[in-house]
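Written out below as structure tokens is the structure these notes cover.
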Amino acid sequence: MRYFLSILLCLPLLGFDIDRLYDSTLSTIATTLEQTDIYLSDDNRSIKQRFNIATSLEMVTETYQPTLFRFNVRANIELPRTQKKLHLFLQDFEKSNSIDKTYAKNIEDSIQNTSYLFGLQYLTRSNIAYRAGLRFRKVTPDPFLSARWSKTHYFKDSWIYFGDKLYYYVRHKWDNTLFAHYQYKLNDQALFSLENSYRYEKRPNEENQYVHALKLYLSRGRYELLVPRAEIYLHSNNDSSYKLHYYFAGFSYRNVFFRNWLFYEIAPAVLWRIENNFRPSYRLGVSVGITFEKN
């Protein structure tokens with residue numbers, strides 16, 4: 001599914017008149033989403049649309065690891081008519097919080113352990129969101145129920161954002177993530193963040209994942225973002241006790257080029273992995289993609 005969507009959304013780059021093809025593709029997406037919203041809500045009034053869909057081709061290479069190519073799709077879609085009752089969502093779901101989205105030794109597992117969630121969400125006034133839907137990994141659907149809770153406690157120039165995300169899957173059982181992030185606003189372009197999370201998965205082997213990260217978000221307008229980061233990742237399960245699996249230090253830089261809907265991202269880093277006896281390995285990620293959005 002991911003590859004089909006990515007190839008479909010990348011088609012505008014293959015044409016001669018890319019502006020005309022891009023406008024046509026954007027119009028088709030907008031019309032389809034609006035008709036879906038009208039159908040689900042039974043309301044045909046004119047309401048402003050909001051959505052953001054990004055697709056990209058990514059390359060990741062690292063010392064001691066195979067070079068990886070993959071397509072990514074990210075979607076943030078609001079259906080304003082339907083959302084008055086229930087919110088329809090489609091999103092990527094990552095098996096792990098680690099830099100590789102997996103606790104395994106091979107970065108190729110990144111493309112094997114990302115799936116999609118699709119369903120309905122009901123948001124209460126007490127910041128609790130209830131969800132029901134399907135998780136798709138390859139083709140097989142896995143029905144789930146979910147409860148998400150979050151809260152923000154504000155100080156003068158900083159805040160603490162914390163909460164819990166609990167999922168129950170028919171096939172994969174329990175998946176629970178606790179998180180607490182401390183963030184400090186340095187100025188209008190800079191934000192410091194200390195991010196911490198603990199995740200428990202019942203299957204396949206009662207996995208426990210811990211991630212602690214220091215990040216600095218530096219932005220110049222809505223199109224340019226630089227994020228230096230340092231991270232540690234720890235893991236345990238029924239077969240392995242609590243261990244530090246890697247240190248990570250690097251940054252990602254994202255910007256637009258040629259058109260305001262074309263973007264690129266570079267992400268160099270150094271990792272010290274347990275499977276390499278903590279010898280440094282050098283990693284580089286490069287991606288180019290397209291954004292379809294309405295605000």
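Taken together, the values in this text are just the output of simple stated rules run on the coordinates, not laboratory data. Note that this is a predicted model, so its numbers are computed, not measured. FYI the Cβ positions are ideal-geometry reconstructions off the backbone, even for glycines, and counts take in every protein chain you see.
When each of 25, 67 is scored by the number of other beta-carbon atoms lying within 10 Å, the sequence from fewest to most is 67, 25.
Available extension along the chain between residue 187 and residue 161 is 7.5 nm, counting 0.36 nm per residue and deducting the alpha carbon span.
Using Cβ point charges alone (K and R +1, D and E -1), the dipole size of the chain about the Cα centre works out to roughly 560 debye. Largest first and in whole Å, the equivalent-ellipsoid semi-axes of the chain read 31, 25, 21, each the square root of five times a Cα gyration tensor eigenvalue. Only Cα pairs under 8 Å and 6+ residues apart enter the sum, and on that basis the relative contact order of the stretch 2-294 stands at 13 percent.
Computed on the stretch 224-295, with alpha-carbon pairs under 8 angstrom and 6+ residues apart, the relative contact order is 25 percent. Annotation: the residues 175, 142, 19, sorted from fewest to most other C-beta atoms within 10 Å of their own C-beta, follow the order 19, 142, 175.
Counting other Cβ atoms within 10 Å as a rough exposure proxy, the listed residues 118, 144, 51 run 118, 51, 144 from fewest neighbours to most. When only alpha carbons are used to place a centre, the stretch 151-225 and the stretch 31-82 end up 22 Å from one another.
What full-extension length gain, to one decimal in nm, is calculated for residue 118 and residue 90 as 0.36 nm per residue of separation minus the Cα-Cα distance?
My answer for the length gained is 9.6 nm.
Can you give the FRET efficiency for residue 17 and residue 45, using 1/(1 + (r/R0)^6), R0 = 25 Å, r = Cβ-Cβ distance, to the nearest 0.05? It comes to 0.15.
The mean of 1/r over all pairs of different alpha-carbon atoms in the stretch 165-228, once inverted, gives a Kirkwood hydrodynamic radius of 13.9 Å.
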